[in-house]
Amino acid sequence: MSISPPAVPPLKSVPGYPLLKFLRRIWQNYYVRIVGQGLLTIWAVTTFTFFLIRQMPGNPVETMIDDLMTRQSLTYEEAYRAAATLFNFDPNRPVTLQYLDFVGGLVRGDLGDSITRGGVSVTSLIVRYLPWTLFCVGSALLISFVLGTLLGLAMGYWRGSWLDNGVTLLASIISGIPDYILALLIILVFGVQLQWFKVGDVRGGVDPNITPGLTFEYIFSILQYALLPMSIYILSSIGTWILSMKSSTISTLGEDYIAVAKARGLSQGRILTDYVGRNAMLPLLTRLAISVGFVVGGSVIIEDMFQYPGLGRNLYIAITGRDYTTMQGIFLVIASAVVFSNILADMAMGWLDPRVRLRKGEETS
Amino acid sequence: MIGFETVATPTGLIIGLLCGLVPLLVGIRYKRIKAGIGGFLACILSGFACGFLGGLPMIVLAVSVVLSYAYVNRQDPFTSRAALSEVTFEISRREQIERTLANLGNNLRASWKALVRNKAGFVGFLGIVFFVGMTVFGPLFIEYEGQARLDRRQPGARALVAPPSAEHLLGLDWKGRDVLSHIVHGGQRLIITSIQAGLIATTLAVALGSVAALVGGVIDQVVSTIANFILTVPAFPLFLVLAAVIDFDNDFMLAVLFGALNWPTLMRAVRAQVFSLRERDYVEAAYALDLGLWHVISREVFPNMVSYIAINLIFTIRVAMYTIVGLVFLGLVPLREPDWAVMIYTGRQQGVLFLPQAAGMLLSPIVAIALFQLSLVLFTRSLEEIFNPRLRSGM
């Protein structure tokens, strides 16, 4: 799943052009190349989504124009002007010019203003809602990764024990159920039928009656509201971590160095952590780094279901409201996160596994 | 006439009967009456369910199983009783067909044994059979209720929704209709579309992956670049946008779109696998014999990846169902009843999500989807054993 370096033709000697030679040398550098490729991919994805979202039928201004024409009986021109000033968006402007505006703003670090939410810049929108998603999905990912690898390690090491059999069954059952189906099941069974919690209380990100601040009450309320979506994320992802860690552990146990470690009379704890655990975790770390990229998008359905104020829910709102600029901004953030976590996964692999590092050194030198 | 529309019609039954005659006659000819009757029944069932689409393939399968009991390979020195001088190595056309069929039948019987041996996988298989059987044959027994039934309002009740009762096993929905009838009738489209989507994605992935790895060069780079690109675009949000751009009145269109967006992961795996297989001696030998790209793919490379591809197909079907139900849940595709996902959507829209007595209406489709997906996941365990020759040889 990592970005594999494509085959690069061997360095041809370019006579006479030192600058060209120098550029070629830079492009040969592994890190420069993957970062360059990543930036290209982000640009391609952003451009693609930019033109795609303008193909969606209807736009925010048109709906507003219809509304103004029928309610205030304005002519089309008047309604159009009113709507355009209200929304700070001109639908008649050619798409290519809009694109140039967008790229120009992007270079200056400006994502423009939200169309439907007047006066709010997209950047501030992202800055405001991204932390919620990062906190909720990110910590759920970490918890499920740590718990899942520990359980998987234990199950692989003591294969065939009651722990192994029981948890394998549970893990394959849970990992087979989609997250929003799991959420609905939990709400319906524990919320509506058993009345363990009040369904209306778990909507949103924090209790609106508590003043924001670094108080114990506020933080506790945030945790309280995040508990349910977080546990759903954990439940729906932990099964995969457990099962893959288990199979990775089993294949690591067959390696010669484990037998050597046992023969040396090392303690079980040391073998389990330093020898088995460390090596079995390697392939999973790559996948963890890749999943980090998908944290940002969050889960649109879960966030919508719990009215959680994250990026995913805002993306959904932007899509239904045809808020082009917000959509663009969020897609850009998601694409960048995915690309850079892929690069991170690649680098982490080289850093953690000396075998990969050595091979890469041979390739680039 | 050809496909699923013959479900539960006399035409389907006649098609099944006609198709069933073939294995029955073959069974009588080779004096394997029991196997022949088994094939006869299997053909009737699949012809009844899917018309010619189910009947014709079932003829081949049933005949091959019958033959596998009866056929003795005359060229095999261990089973043949003919004198060496009588053995001819010129294979007649008929002999060749018989042998291929018998081989297929042997494989089918071995697969069945592997399937039954893995308990978790067999449970998954039974689950899939149950759901497919329910959507195909259920409509024979349970009539669909499409109209609102206001007359079913309980005296004093505010809503028509009702919990399960003896008369309506899964309760009534918000229009007072029988939930069981919606469960029975509502799975067909969802399941078929998911399977189509999974098949399209898998076919694309296998074709592109093996061609990219075997041809290499520019084609490889182009395919890899497109794959990288698609993997970077977040799939579900993209689907939300596409759902508005493209009119999803046609279910097949949805499947094609899903397939077009979900091949890259499997494609990369196939490509990597083919790259490593390409180095093996037998593939190089095939190349050296100038057997052609298609032969190398279909005969040398593909059989080594069947297990991986089949498991991936099941998982892709799962993801397809997840995506389709998710789109319906957010109300982004045209809603058509009866459909499990639409049941959840309307339940949420009508605000009965928080009514305790609406449990029957909401939990039924949720449990149906969860159980179907669970069956798919469990079934992959058996697939591992069926396709992995190393695991299979143990029996």
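Quick notes on this one:
- Approximate spin-label separation A:L100-B:A272, in nm, with each point projected 7 Å along Cα-to-Cβ: 4.4
- If R0 is 30 Å, the Cβ-Cβ spacing of B:L169 and A:S139 corresponds to a FRET efficiency of close to 0.10.
- Pairwise Cα distances in the protein assembly as shown exceed 48 Å for 28 percent of all pairs.
- Under 19 Å from the Cα of B:K175 - aspartates and glutamates, other chains or at least 8 residues apart: B:E143, B:E145, B:D151, B:E167, B:E337, B:D339
- Each 20 Å bin, from zero up to the one with the longest distance, holds this percent of the alpha carbon pairs of chain B: 21, 50, 25, 4, 0.
- For a paramagnetic label modelled on A:V120 (point 7 Å from Cα along Cα→Cβ), amide N atoms under 20 Å away belong, within the range A:261-300, to A:296-300.
- Rg of the Cα atoms in the range B:188-336, relative to 2.2 N^0.38 Å, amounts to 1.17.
- Rg followed by Dmax, in Å, when the range B:140-206 is reduced to its Cα trace: 17.4, 60
- Net dipole in debye of the protein assembly as shown [+1 Lys, Arg Cβ; -1 Asp, Glu Cβ; about Cα centre; nearest 20]: 1960
- Shown in residue order for the range B:279-292 are the 3J(HN,Hα) couplings computed by the Karplus curve 6.51 cos²θ - 1.76 cosθ + 1.60 at θ = phi - 60°: 6, 5, 5, 5, 6, 4, 4, 4, 5, 5, 7, 6, 8, x Hz (x for Gly and Pro).
- Here r is the Cβ-Cβ distance between A:T211 and A:V189 and R0 is 30 Å; the resulting FRET efficiency, rounded to 0.05, is 0.30.
- Counted by Cβ distance under 10 Å from B:H185, the other residues give a net charge of -3, where Lys and Arg count +1 and Asp and Glu count -1.
- In the calculated pair-distance distribution of chain A, the portion above 38 angstrom amounts to 37 percent of the Cα-Cα pairs.
- Rg and Dmax, both from the Cα atoms of the range A:268-325 and both in Å, are 18.9, 59.
- Modelled label positions at B:A159 and B:F141, each set 7 Å beyond Cα in the direction of Cβ, lie 2.9 nm from each other.
- Estimated distance in nm for a label pair at A:L170 and A:L272, the labels positioned 7 Å out from Cα along Cα-to-Cβ: 1.8
- 5 angstrom amide H check on A:S121, placed H, neighbours 5+ away: A:S114
- Tilt relative to chain A, helix A:18-28 - C-alpha long axis, 0 to 90 degrees, to 10: 70
- For the range A:216-365, dividing the convex hull volume of the Cα atoms by the residue count gives 176 Å³ per residue.
- Cys with no candidate disulfide partner in chain B (beta-carbon separation under 4.7 Å rule): B:C50
The numbers here are math on the coordinates, done by the rules we state, and not lab data. All values derive from a computational prediction rather than experimental measurement. Glycine also receives a Cβ, built like all others from the backbone with ideal geometry; neighbour counts cover every protein chain displayed.
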